[in-house]
Amino acid sequence: MVLATSNSAAGRRIGEYVPSLAGVYRDVTFAPHASIHESDAELVFLALPHGVSQDYVPSLVEQGRIVVDLGADYRLKNSAHYATWYHAEHRSPELLEHSVYGLVERHRADLPGARLIAVPGCYPTASALALGPFLDAGWVESSGIVVNALSGVSGAGRVPNDRLHFPRLSGNAEAYGLLDHRHTVEIQEEIGAEVLFTPHLVPASRGMLVTAYARVKGEYSTPEALSLLRSVYENDACVVVTDDAPSFKDPLGSNVCFVSARVDPRTGWLVAMSSLDNLTKGAAGQAVQAVNVALGWDETLGLPLMGIAP
């Protein structure tokens, strides 16, 4: 690592600000974000609030660096969607056509040599890995899809608010972002379908569980659905297809997404399910996985593939 930056924590040691990293980075100090322009880093990871990456990406790309943005600023190909879903005009729309969506399992062929990688959001990752194979194969209708998702509180970041206050959160669960959550459009772009997306906050520090519903077009069975998932992901080290419904806890600490499916012949619905850790396969781990593929390294280099149990 050449440089670590943070405006809010500039001047503080990484190990002091994030104690879990002290064993590796105990004496490294955060510099202000502006320092990145004077550094000789060839690869830059950005983990910034929505809209802020646009302050840095154009100049970093112009300088010839590889940029990996964990924010949403370069995920969408249609710049008009930013005005609708993020309530702000995109300031460098010319770069959207050059960004590569960093969901390796669906964009592996696009990543080698990529210079600007847009790391997917955690909800779109879990949703696309569960539903994508069935839409790609033409099994289900591309409208009327319902995605329900549960997420741990780390998905909200570090800034405290009343909803995340322990007395309110503990033993509680609630839906949020009803009808207009920003990840809706990202899911729709990635799988090419109309989606009604409802996320739910649950009292867990990390993790994600998605249950999605889509109308089946033909006569299919649960064994066929599982067979399709296995054929799609047979060479993907970071996706595990399970006969049983994925659980919230199994992937925690790993860069693995668990997926499964059921077909209900009585109602004609497909139930597609997935679980992942929103901080690894849903964020930082996925960024590393995408970079590994972009640079021609072993795809799982530096990534944990075993969860933490119990």
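The table that follows gives values for the structure above.
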quantity	calculated
Residue within the stretch 156-172 that is in contact (Cβ under 8 Å) with a residue 40 or more places away in the chain, surrounded by 14 or more Cβ atoms within 10 Å (Cβ to Cβ) and farther than 24 Å from residue 96 by Cβ present	yes
Number of the exception - residue 196 against (1) touching a Gly at 6+ places or on another chain (Cβ under 9 Å); (2) of a type in the set (A, V, I, L, M); (3) in contact (Cβ under 8 Å) with a residue 60 or more places away in the chain	(3)
Hey, residue 293 touching an Asp or Glu at 6+ places or on another chain (Cβ under 7 Å) and hydrophobic (A, V, I, L, M, F, W, C) or not	yes
For residue 84: the one exception among (1) under 19 Å from the mean Cα position of the chain (by Cα); (2) of a type in the set (Ser, Thr, Tyr); (3) farther than 19 Å from residue 285 by Cβ	(1)
Scope the stretch 237-249; condition buried (at least 17 other Cβ atoms within 10 Å of the Cβ), in contact (Cβ under 8 Å) with a residue 24 or more places away in the chain and over 13 Å from residue 281 (Cα atoms); matching residues	246, 248, 249
Some residue of the stretch 193-209 being hydroxyl-bearing (Ser, Thr, Tyr) and more than 29 Å from residue 298 (Cβ to Cβ)	yes
Of all residues making up the stretch 187-235, the number that are assigned to a loop (DSSP other than H, G, I, E, B), in contact with a strand residue (DSSP E or B) (Cβ under 9 Å, 6 or more places away or on another chain), open to solvent by less than 50 Å² (accessible area, probe 1.4 Å) and on the phi < 0 side of the Ramachandran plot	4
Selection within the stretch 173-186 - of a type outside the set (A, V, I, L, M), more than 18 Å from residue 274 (Cβ to Cβ) and either in a helix (DSSP H, G or I) or more than 15 Å from the chain's Cα centre (by Cα) (or both)	174, 176, 177, 180
Some residue of the stretch 120-129 being assigned to a loop (DSSP other than H, G, I, E, B), within 22 Å of residue 99 (Cβ to Cβ) and in contact with a strand residue (DSSP E or B) (Cβ under 8 Å, 6 or more places away or on another chain)	yes
Candidates 254, 274 - the one that is closer than 25 Å to residue 223 by Cβ and either in contact (Cβ under 8 Å) with a residue 40 or more places away in the chain or hydrophobic (A, V, I, L, M, F, W, C) (or both)	274
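The values are calculated or read from the model by the stated rules, or taken from the named source; none is laboratory data. The model shown is predicted, which means the values in this text are computed figures rather than measured ones. Positions of Cβ are generated from backbone atoms using ideal geometry, with glycine treated the same way; all protein chains shown enter the neighbour counts. Side chains included, ligands, DNA and RNA excluded: accessible areas come from the protein's heavy atoms. Shrake-Rupley method; radii C 1.70, N 1.55, O 1.52, S 1.80 Å.
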